[in-house]
């Protein structure tokens with residue numbers, strides 16, 4: 001999951017929109033322009049939307065084929081001694097004798113309504129199971145992302161500004177450790193230190209939760225925060241190291257640029273140059289990649305949730321994989337794909353909003369590959 | 001051979017250090033890469049650690065004091081023993097024993113063997129598929145290229161570990177009674193399922209640059225066939241970045257395998273890898289029996305760190321802009 005080129009290479013960013021060539025948007029018409037989504041953006045948005053739908057359909061096909069090839073739903077439903085005729089009748093009632101495209105269309109229809117059938121392992125509606133588990137995973141991911149950003153950006157700036165000093169080099173070395181260490185090991189080490197040896201934080205579960213409508217929240221009680229501390233830190237370590245290294249790389253790049261030299265030549269104080277000029281221009285790629293990593297957080301939460309017995313979607317999924325429980329696997333796959341597609345889409349669109357160059361004049365050689 | 005830049009030539013030669021022809025060895029000794037390498041303490045250390053680990057894994061059957069897979073030699077009376085230097089330790093079990101009386105040191109050597117094998121095989125598979133795809137996409141272009149790159153975009157947006165989990169889960173349910181070899185094949189396939197994309201993108205990018213160069217035109221003019229042109233002329237020139245990426249990915253694959261095994265869906269339990277050992281030991285952490293987890297974990301970190309360091313160093317050393 002490491003960006004192989006250290007993050008500085010624009011090719012690792014999501015697809016950029018084509019350069020809008022609308023005459024009424026002048027170069028440099030900044031982010032406060034109300035015509036953010038100018039008419040020329042529309043084809044781009046439509047194309048990205050079509051792509052997103054296509055990706056979801058492909059993933060849906062994958063999930064659908066899980067049902068087709070893994071296990072036989074009929075033998076799961078009837079008893080050992082059911083006759084062949086009974087099986088055939090059930091097959092007809094379930095619509096399993098129709099051609100595959102028809103079945104797929106039905107599957108997509110049900111999936112759109114959030115209906116993935118009944119879990120083979122627990123015998124309950126998959127949608128209910130996932131709805132129960134969703135808040136735990138989302139709270140964990142959001143807290144971890146906030147932690148990674150709040151610590152990663154300042155550390156990265158520090159490492160860039162003092163890059164020849166030993167403390168910055170030490171930070172970089174530690175961050176390499178953070179990228180290399182497997183998530184589950186970080187979790188084990190944290191449990192060993194903070195739960196077993198020091199006894200400061202509990203090592204499993206969510207603690208006291210509060211019911212808010214359909215949402216169970218652990219963030220409203222002190223006990224809940226004590227429980228989320230270790231899992232969130234575990235999940236954040238990798239992202240933290242990544243954000244830090246990225247901010248440092250982008251800052252170093254920015255500090256070498258002409259506009260920073262020019263700002264220095266104008267006699268602006270270091271503080272203004274560092275934070276007003278360099279850091280500001282660094283934030284676009286950083287936010288992009290953090291946005292994309294939010295999906296990664298949900299993926300890595302599978303591991304964290306297993307280590308900390310956190311009752312989220314990830315542990316549900318891993319149990320489904322071990323069992324194997326096809327409806328749960330299919331539902332999780334579709335849900336994660338949806339999250340990823342939405343995040344990618346949002347980041348692509350935000351990119352166009354944040355970076356005026358992408359909307360304004362054409363840059364030769366840039367644009368869509 | 002003529003078309004390789006010297007750095008890549010040296011890198012490729014370094015890869016074959018085991019049995020180098022004399023002239024190539026001398027050329028390697030005089031190369032920039034070799035000079036950088038011998039003057040970088042970090043790189044030397046990383047290679048040393050990696051070699052010790054690989055050596056230990058390779059010669060495990062001869063080095064290990066016990067055979068952890070031979071049930072006849074296991075004695076439950078010897079279970080839960082601490083390392084030799086602690087009060088209750090015994091000299092025959094240098095790093096202690098686990099709950100079944102298995103010698104940790106032996107299990108470690110055999111486990112590293114399995115981890116390394118799975119990691120290397122999955123990277124080899126990814127390189128093979130990725131480089132081929134990249135070469136074809138970059139050279140043929142057009143619709144093939146566009147379709148392949150769209151596919152890559154989609155695959156890259158999903159995290160490796162999630163896809164590996166899923167593929168492994170599906171593989172297990174397709175072959176519920178998989179014997180060892182098949183289980184390993186499924187695991188390796190699962191790990192490579194998304195990783196080949198990185199190589200494909202890298203190689204495609206370099207191929208796009210290379211195919212416009214004069215030597216390609218020259219080779220075409222003298223009537224070299226497409227396949228041969230790709231294999232003998234373009235391929236050697238695009239391998240530099242692949243080498244860097246593959247080094248880093250070996251570390252990633254080993255960690256990914258350990259993660260899957262830790263989650264209980266990786267290697268079959270009869271052949272424990274480092275991840276499996278950590279999972280077993282994790283249950284005894286609360287009981288204060290730290291050695292069952294700590295030694296496999298330390299080995300895993302050591303391997304991953306040294307490979308990552310080596311990859312980082314190689315990337316900087318082969319990057320002409322940083323010279």
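Just so you know, all these numbers are worked out from the coordinates, no wet-lab data involved. Just so you know, these numbers come straight off a predicted model, no measurement behind them. Heads up, the Cβs are rebuilt from the backbone with ideal geometry, glycines too, and the neighbour counts pull from every protein chain shown.
Quick notes on this one:
- Over the range A:136-293, relative contact order from alpha-carbon pairs under 8 Å, at least 6 apart, %: 31
- Sorted ascending by nearby beta carbons within 10 Å, beginning with the fewest, B:62, B:290 become B:62, B:290.
- Shielding score for B:239-247, defined as the mean number of other chain Cβ atoms within 10 Å: 1
- Based on C-alpha pairs under 8 angstrom that are at least 6 apart in sequence, the range B:196-323 has a relative contact order of 22 percent.
- For the peptides B:101-113, B:223-235, residues were scored by their other Cβ atoms within 10 Å and the scores averaged per peptide; the highest-first order is B:101-113, B:223-235.
- Entry note, the range A:236-330: relative contact order of 19 percent, from Cα contacts under 8 Å with a spacing of 6+ residues.
- Legend: calculated FRET efficiency, residue B:221 to residue A:226, from the Cβ-Cβ distance at R0 = 45 Å, rounded to 0.05, equals 0.05.
- The range A:277-314 versus the range B:262-323: alpha-carbon centroid distance in Å: 22
- The peptide list A:98-109, A:172-183, put in order of mean Cβ contacts within 10 Å with the highest first, becomes A:172-183, A:98-109.
- Estimated FRET transfer efficiency when R0 is 41 angstrom, pair residue B:35-residue A:42 (beta carbons, to 0.05): 0.15
- Note on residue A:262 and residue A:165: with the Förster distance fixed at 30 Å, the Cβ-Cβ geometry gives a FRET efficiency of about 0.70.
- Placing a pseudo-label 7 Å from each Cα along the Cα-to-Cβ vector at residue B:146 and residue A:53 gives an inter-label distance of 1.9 nm.
- For the pair the range A:175-225 and the range B:137-173, the centres of their Cα atoms are 33 angstrom apart.
- Normalising by residue count, the range A:147-233 has a Cα convex hull of 124 Å³ per residue.
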